[in-house]
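These notes are about the structure you will find just below.
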């Protein structure tokens, strides 16, 4: 009987780590080139050459060079949705959203240089800003669907849609401040945004000292 090789878990894990390492290297190389010479002026071949892989290998990871800029965004969204799904079903919805988004801010803070560079490149390019806006809207819709399910209402009702938009706005607001000032604690700022959202009326009418 011929010997059938057994694929052990370590081999699978090693291959996945290698794929992840190549993907990360492509992202870093692309960000460097985009920053140095511009998005439109950078080619897939230049990015691939910088990592010493073929353009074919590049396209196994990303459909186009623009998709490189949203690689981390996809990872963050996956982490967020996973964290949100793990929150207790009886928990206050705003608390669940805050805690799930805190997972994102912790991850973003751990790779600050990449996140700040990525966002600045996106904001400097009209086409990328449009793509980023659409993706933000998709995030808000995802939050709205989860909120509607938790609240037992239809997806298109006002409250879940408002929660979706506000949750994404909280993240964007905290991230913008953090990008401008590295001394800011991103996760703490996000939590403060949610605290303000929980009672916006009181926050806007309290006596100023």
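The values are calculated or read from the model by the stated rules, or taken from the named source; none is laboratory data. What you see is a predicted model; the values in this text were computed from it and never measured. In this analysis, Cβ positions are derived from the backbone assuming ideal geometry, glycine residues included, and neighbour counts consider all displayed protein chains.
Just a few scattered comments:
- Condition broken by residue 89, with the remaining ones in (1) farther than 18 Å from residue 187 by Cα; (2) at pLDDT below 95; (3) assigned to a helix (DSSP H, G or I) satisfied: (3)
- Residues of segment 138-191 satisfying the condition of being outside any helix (DSSP H, G or I) and either on the phi < 0 side of the Ramachandran plot or outside the structural domain of residue 119 (by TED's automatic domain parsing) (or both): 153, 154, 155, 156, 157, 181, 182, 183, 184, 185
- Flag if residue 60 is more than 23 Å from residue 107 (Cα to Cα) and in a helix (DSSP H, G or I): yes
- Verdict on residue 109 being under 19 Å from residue 164 (Cα atoms) and part of a helix (DSSP H, G or I): no
- Test result for residue 196, crowded, with 16+ Cβ neighbours inside 10 Å and in contact with a helix residue (DSSP H, G or I) (Cβ under 6 Å, 6 or more places away or on another chain): no
- Number of the condition not met by residue 70 [criteria: (1) surrounded by fewer than 17 Cβ atoms within 10 Å (Cβ to Cβ); (2) under 19 Å from residue 113 (Cβ atoms); (3) in contact (Cβ under 8 Å) with a residue 24 or more places away in the chain]: (1)
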